[in-house]
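What follows is a short report on a single structure.
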There are 2 protein chains.
Amino acid sequence: MTLSVNSDEHFMKEALKEASLAFKEDEVPVGAVVVCEGKIIARAHNQTEALHDVTAHAEMLAITSASNFLGGKYLENCTIYISLEPCLMCAAALSHARVSKVVWATDDPKMGFSRMEKQVLHPKTTIMQGLMAEESSQLLKTFFQSKRQ
Amino acid sequence: MTLSVNSDEHFMKEALKEASLAFKEDEVPVGAVVVCEGKIIARAHNQTEALHDVTAHAEMLAITSASNFLGGKYLENCTIYISLEPCLMCAAALSHARVSKVVWATDDPKMGFSRMEKQVLHPKTTIMQGLMAEESSQLLKTFFQSKRQ
């Protein structure tokens, strides 16, 4: 079977190549590519260990790279191919980026966003809210008021 | 009233200073500082416009900076002070980072994670799952199997 260079399988194979690179680097093997108008504009693989950074998931790096390529923060005409179902962080980032389409290969029963709606923060994390809310709220209000003038 | 240099208010003031920097740069004014053993080890403000990058929220930049400072990806003995309730992306990132404590100033009724559990991806985003799941799943299994040996 031959694959069209524009087929979903073609692009997922590229995402899997990225996942394989992660594997070789002893990272959890997850890869992603961002496709815009039939072309790959960003590719990335998980680098959380190498960078000591939990935010360095394949999707996050791919979003940053694609935005950098396009010179704009919205990926409205882009499809992202990911080898694993995105976690909540990545799903929310994809939402912020207004990505047009999300394609993933294998489900993530533990961390996949579709199963993780309830528990967002770590169970051991303490939460304190409302400290100096007034000052912060005022700064935000002033900012958005200045935008409306 | 004088503030102890280790008080919550002291650190929130520093987060608000970061938010003010964002404001001056015409960014939505949100700031964050990460505190470990009574010291600020990372500070950041929202830079989504300057960097054309939806992932460049204050908290995300602060997590990356703190991890870089500590040389490790977990922030288990750290408190993050944020001028605004974190969004879902940032809350999930804070969960990944196992941050010890989260303190925020003003609530975010629109995007705050505590109100955003249900709708994670953008309503206009199309989802396709399961494409080449087998290959991806195999890569992941092989990786984790190799870890157990």
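The values are calculated or read from the model by the stated rules, or taken from the named source; none is laboratory data. Values in this document were obtained by computation on a predicted structure and should not be read as measured data. Positions of Cβ are generated from backbone atoms using ideal geometry, with glycine treated the same way; all protein chains shown enter the neighbour counts.
Residues that are over 21 Å from B:Thr64 (Cβ atoms) and either of a type in the set (A, V, I, L, M) or over 12 Å from the mean Cα position of the chain (by Cα) (or both) within the range A:57-79 comprise A:Leu70, A:Gly71, A:Gly72, A:Tyr74, A:Glu76, A:Asn77, A:Cys78, listed in sequence order. Across the range A:102-131, the qualifying residues are those that are under 21 Å from A:Gly31 (Cβ atoms), within 7 Å of another protein chain (Cβ to nearest Cβ) and surrounded by 18 or more Cβ atoms within 10 Å (Cβ to Cβ), and the one among them that is modelled with the lowest pLDDT is A:Phe113. Screening A:Ala66 on (1) touching a Cys at 6+ places or on another chain (Cβ under 8 Å); (2) modelled with pLDDT under 95 shows it passes everything except condition (2). Would you confirm, using the coordinates I've provided, whether A:Arg98 is in contact with an Asp or Glu (Cβ under 7 Å, 6 or more places away or on another chain) and surrounded by 21 or more Cβ atoms within 10 Å (Cβ to Cβ)? So A:Arg98 does not fit the description; no. Please go through the range A:29-52 and give me each residue that is part of a loop (DSSP other than H, G, I, E, B) and within 12 Å of the chain's Cα centre (by Cα), ordered by number. Matches in the range A:29-52: A:Val30, A:Asn46. When every residue of the range A:75-96 is checked against the conditions, none turns out to be in a loop (DSSP other than H, G, I, E, B), closer than 28 Å to B:Val99 by Cβ, more than 7 Å from chain B (Cβ to nearest Cβ) and modelled with pLDDT of 95 or more.
Can you go through B:Ile63, B:Ile82 and tell me which one is buried (at least 18 other Cβ atoms within 10 Å of the Cβ), among the hydrophobic types (A, V, I, L, M, F, W, C) and touching a Leu at 6+ places or on another chain (Cβ under 8 Å)? Spell out the reasoning first.
Values: B:Ile82 fails: touching a Leu at 6+ places or on another chain (Cβ under 8 Å).
Within the list B:Ile63, B:Ile82, the selection yields B:Ile63.
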